[in-house]
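These notes are about the structure you will find just below.
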Amino acid sequence: MNTPPLRLWDPVVRLFHWSLAGAFLANYFFTEEGENWHRWLGYYAVAWLAIRLLWGFVGSPAARWADFWPTRARLAEHIRALVSGRDYHRMGHSPLGGLVMIGMMLLMLGLGVTGFLMEEVDYFWGADLPLQIHEFCANALMALVGLHIAAALFESYRLQENLPLSMVTGKRRKLEEY
Ligand code: HEM
Ligand code: HEM
């Protein structure tokens, strides 16, 4: 019997997610490097990172750092389940998924900081290093985004549930229904 879905992702998490995704893709593919749109979209994403950092302490249960922080024990359990083909799912980020997500957030922060150094700090004017780090963060983030989307699609297929849609509506099927 179908019970009403669980409200898993609160609006802050969803707005954060699509803001980050939109700003990243727009800056990677469309905006003029270093120009106004590029800078303000980058800062917009960084402002969301600050909100998300705090939200991880006060937000809904699945949004909390404590819920999905990828500790060694959690990662080991997840990897063991994957290797042995055992079922693993939980109402919230998986440990490996959480690791990739935290990596993506840090790379986005790296983009914001190096962008700021290039644009606003005279000392770094014309220096190569911030641009090289900026470029590295952008490409590493693109690689993680690829992995992240592939994992979201794969897990959606495995669980027969549209996980990307859950990041839009916030709703997921309840655990006992799998
Ligand atoms: C393009 C850049 C993207 C970035 C930087 C990104 C980043 C993130 C981050 C940081 C989270 C954690 C959210 C939180 O806890 O606040 C997340 C979750 C998630 N993202 Fe993305 N994302 C991107 C694109 C996408 C796309 C295109 C999809 C859909 C195919 C997607 C599907 C998901 C899903 C389903 C989750 C929740 C995973 C779970 O159930 O544990 N993401 N993403
Ligand atoms: C979503 C975050 C961001 C992404 C994905 C992003 C991405 C990129 C990429 C792919 C490049 C080209 C690097 C290359 O030359 O190969 C670039 C260049 C640049 N970005 Fe960003 N960026 C972001 C945020 C920012 C911010 C916040 C600033 C400044 C406040 C900034 C300033 C610049 C500048 C000055 C350049 C170099 C222009 C030049 O070639 O001299 N970026 N960015």
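Remarks
- A simple charge model with +1 on the Cβ of Lys and Arg, -1 on the Cβ of Asp and Glu and nothing else charged puts the dipole of the chain at about 1100 debye relative to its Cα centre.
- Gaussian network model of the chain, Cα within-10 Å springs - most flexible of 43, 28, 123: 123
- Longest exposed-site-free window of the chain, the sites being GluC sites (Glu not before Pro) in a DSSP loop that have at most 14 other C-beta atoms within 10 Å: 36-178
- The calculated FRET efficiency for residue 119 paired with residue 57, based on their beta-carbon distance and R0 = 35 Å, is about 0.70.
- The angle between the Cα long axis of helix 95-120 and the main principal axis of the chain comes to about 10°, on a 0 to 90 degree scale.
- With the convex hull of the Cα atoms taken as the outline of segment 12-69, the averaged projected area works out to 4.0 nm².
- Residue 157-residue 44 pseudo-label distance in nm [points 7 Å out on the Cα-to-Cβ vector]: 3.3 nm
- Formal net charge of residues neighbouring residue 43 (Cβ-Cβ distance under 12 Å; K, R +1; D, E -1): -1
- You can think of it this way: the chain between residue 64 and residue 177 has 38.3 nm of extra reach, that is 0.36 nm per residue less the Cα-Cα gap.
- When the Cα convex hull of segment 1-104 is projected onto planes of every orientation, the mean area is 9.0 nm².
- Rounded to the nearest 0.05, the FRET efficiency derived from the C-beta distance between residue 136 and residue 3 at R0 = 45 Å is 0.45.
- Choice from 112, 42, 126 showing the highest fluctuation, given a GNM over the chain with Cα pairs closer than 10 Å: 126
- Between the listed residues 38, 59, 22, the Cα displaced farthest toward the positive end of the dipole of the chain, a dipole computed from Cβ unit charges relative to the Cα centre, is found at 59.
- Net charge of Cβ neighbours under 13 Å - reference residue 166; Lys, Arg +1; Asp, Glu -1: +3
- Cα extents of the chain along the three principal axes, largest first (Å): 62, 32, 29
- Ordering 71, 114 from the fewest to the most neighbouring beta carbons within 10 Å gives 71, 114.
None of the figures in this text is laboratory data; all of them are computed from the coordinates on show. All values reported here derive from a predicted model rather than from experimental measurement. Cβ: placed from backbone, ideal geometry, glycine included. Neighbour counts: every protein chain shown.
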